[in-house]
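Since the structure comes first, as structure tokens, the remarks are kept for the end.
Bear in mind that the values in this text are calculations on the coordinates, not laboratory data. Being a predicted model, the structure only gives us computed values, none of them experimental. Quick reminder, even Gly has a Cβ in these numbers, built from the backbone with ideal geometry, and neighbours come from all protein chains shown.
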Amino acid sequence: MRNYFSMLLKTLVLSLIIFTFQTDQLNNDAYDIRMINNNSIPGPVAINNENPGPFIDLRMDDYEIWEQEFKLELGYKADKECPSTGSCDIDVDVWLNHYPTLNEWVKAYFLPEDREWALRVAFCESSAKPEDQFSEVINDESGATGWFQHLPKFWIERSYRSGFTGFAMNHPKANVGVASWLFYEYGGSRHWNSSKSCWQ
């Protein structure tokens, strides 16, 4: 009888280990796929940046909060589900054209004395113009994306730490906001040293 219970206990423990491994592997695969696809405008996928686990995080991330506010500005019901390429009954052009320009984002996220520099960096990195509303510039080799050419390998952590969880790299607000955080909180201008000869 003792051998039977011992074997049963070993079987349960082994089953639990296998289940835990499989669950983590499935979750990590999903996490990787989300990272790869997290580059669309204007509706990027939401990512649990804290720690992928077997349970779905139902809290709103920073992108979802922004999206609700954005919908309200355009007259949407905030909780209405809408397609990623536009939104419900409002024309796609209206949805996209409501975005501020690069110049407006820079004014929102950079101090007055740094705004000219920031616009110059964006120009040197991606040929950005102050009146641009979007940037779809992607470096073929590194995957660096948007006005400030953020790198995919750092995006998850940096967008989380700067308060832009769930935003795509080329989302206008996040692209400028994370650049601002990097500049003021995490190393200054060195992040754009590759184009320093252009903006210095």
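Results, tabulated for the structure shown:
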| item | result |
| --- | --- |
| Karplus 3J(HN,Hα) series, Hz, for the range 193-200 with 6.51 cos²θ - 1.76 cosθ + 1.60 (x for Gly, Pro) | 4, 5, 10, 4, 4, 8, 9, 5 |
| Positive dipole terminus of the range 99-199, leading residue within Ser189, Ser142, Trp117 (C-beta point charges) | Ser189 |
| Extension gain, Asn139 back to Tyr184 (0.36 nm per residue minus Cα-Cα distance, nm) | 13.7 nm |
| Point-charge dipole on Cβ atoms (K/R +1, D/E -1) for the range 112-200, about Cα centre, debye to 20 | 200 debye |
| Fewest-first ranking of Glu157, Glu113, Glu67, using other Cβ atoms within 10 Å as the exposure measure | Glu113, Glu157, Glu67 |
| Tensor-based shape of the range 99-199 (alpha-carbon gyration tensor, a/c under 1.5 rounded, otherwise prolate or oblate) | rounded |
| Relative packing of 180-188, 101-109, which averages over residues the other C-beta atoms within 10 Å, highest first | 101-109, 180-188 |
| 14 Å beta-carbon shell around Thr101, net charge (K/R +1, D/E -1) | +1 |
| Likely footprinting exposure, Ser162, Ser194, Ser189, fewest C-beta neighbours within 10 Å first | Ser194, Ser189, Ser162 |
| Full-stretch length increase - Ser197, Leu72 - with 0.36 nm per residue and alpha-carbon distance subtracted | 40.7 nm |
